[in-house]
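The values are calculated or read from the model by the stated rules, or taken from the named source; none is laboratory data. Everything numeric in this text was worked out from a predicted model, so none of it was measured. Positions of Cβ are backbone-derived with ideal geometry, glycine not excepted, and every protein chain shown enters the neighbour counts.
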Amino acid sequence: MQQVYNFAAGPAVLPQPVLQQVKDEFLSYHNSGMSITEISHRSSLFQDIIDDAEKTLRDLMQIPDDYAVLFVQGGGSQQFTEVPLNLGTDNVAYIDTGNWSKKAIAEAQKFPSLKVTTLASSEATHNTTIPSVPPVSANYDYVHITTNNTIEGTTYFDLPDVGKNVLVGDMSSNILAQRYNVQDFGLIYAGAQKNIAPAGLTIVIVRRDLIGKKKGLPAMLDYGLQSAKGSLYNTPPVFNIYMAGLVFHWLEDCGGVDEMEKVNRAKAKILYDYLDQSKLFSAPVKPTFRSLTNVPFVTGNAAMDQKFITAATEAKLLNLKGHRLVGGMRASLYNAMPITGVTKLVHFMAEFEQGEK
Ligand SMILES: *Cc1c(COP(=O)(O)O)cnc(C)c1O
């Protein structure tokens, strides 16, 4: 098979050894004679899988016991509804750092009982920064941030000071890619398809005292119920949870989150260093806020961008087209993107730039 490098933002590249293992045991999981896609979610085979996935994730992220880990469906987008539904009583607050934050805010605004405050916004810098937040003295049910802005390419390296308020993080595109302290958050959620598993699984990590208090919530959207049932209220995404578990073990084999963060910093540095000295390409995001996982870049000329994307595709450097909201290019460098993918990309960009002189 010809080697390609897939820079897609999500669904995205998964670790080769994991894909190989899935292939090897696809027809008969652990000599059961059944495929992982055929076994019951009530079987002990699957109970072992979900227990092990949870335990491994807890180890990787150092998740304390007073947090529940939920494996649910509906994507990051459904969490835009579940967070205000479960945690909101009257006042909720958001920090707007781009498109995904805006979508989260828009869903919260659909609750007539909630007053939604935007504490700060990066709009004035076209989302190329993370805004500083004025001291938060008011009481909110939670303050919501997007830890990594997948489209705009900005990241929180330092969390905002939200006073006594509960911090909620949409970590969809940098969960397990850099170290965050779980205890700094009341709730973390992430769609799996950026850095963990195929699309169809969402991870929720939530402090237990925050859930199960509201009565009469729709069953599928109720964190308290999902937690009480061990994520098995209904049929969970069995295959995705299985793959997530394999990816968690792969990450352990790589040395865990801190080691992976070092590699991710090295990968991102190679690309940003090249972009900063290039006369053709540039990175719009201010250096202190630059994402490790999603790197937007532009030539400033749409036709040139397209020419580059076409040439890169021919060179097996795939899915570099930027999000339609920001244009240009975007290279997503999730955990499973090897460093050779980045060096190959930078080599190719340098050659392309030489050819355009
Ligand atoms: C992709 C993404 C989402 C939406 O995820 P879905 O699973 O497609 O709903 C939300 N937030 C962030 C930061 C994302 O990158």
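When you check ALA219 against the structure, is it free of Cβ contacts under 8 Å to residues at least 24 places away in the same chain, farther than 19 Å from ILE36 by Cβ and in contact with a Gly (Cβ under 9 Å, 6 or more places away or on another chain), yes or no?
Here the answer is no, as ALA219 does not meet what is asked.
Taking the condition of being within 11 Å of the ligand (Cβ to nearest atom) and either outside the structural domain of ALA68 (by TED's automatic domain parsing) or out of contact with any strand residue (DSSP E or B) (no Cβ under 6 Å at 6 or more places or on another chain) (or both), how many residues in segment 169-195 meet it?
Adding up the residues that qualify gives 4.
Which number in (1) under 23 Å from ALA12 (Cα atoms); (2) crowded, with 24+ Cβ neighbours inside 10 Å marks the one condition that HIS144 misses?
Single failed check for HIS144: (1).
Take VAL22 and decide whether it is in a helix (DSSP H, G or I), in contact (Cβ under 8 Å) with a residue 60 or more places away in the chain, hydrophobic (A, V, I, L, M, F, W, C) and within 15 Å of the ligand (Cβ to nearest atom).
When the stated conditions are applied, VAL22 does not pass them.
Filter the strands (runs of 3 or more DSSP E) completely within segment 84-155 down to those with at least 2 residues that are over 30 Å from VAL298 (Cα atoms).
Per the criteria, 91-96, 115-121.
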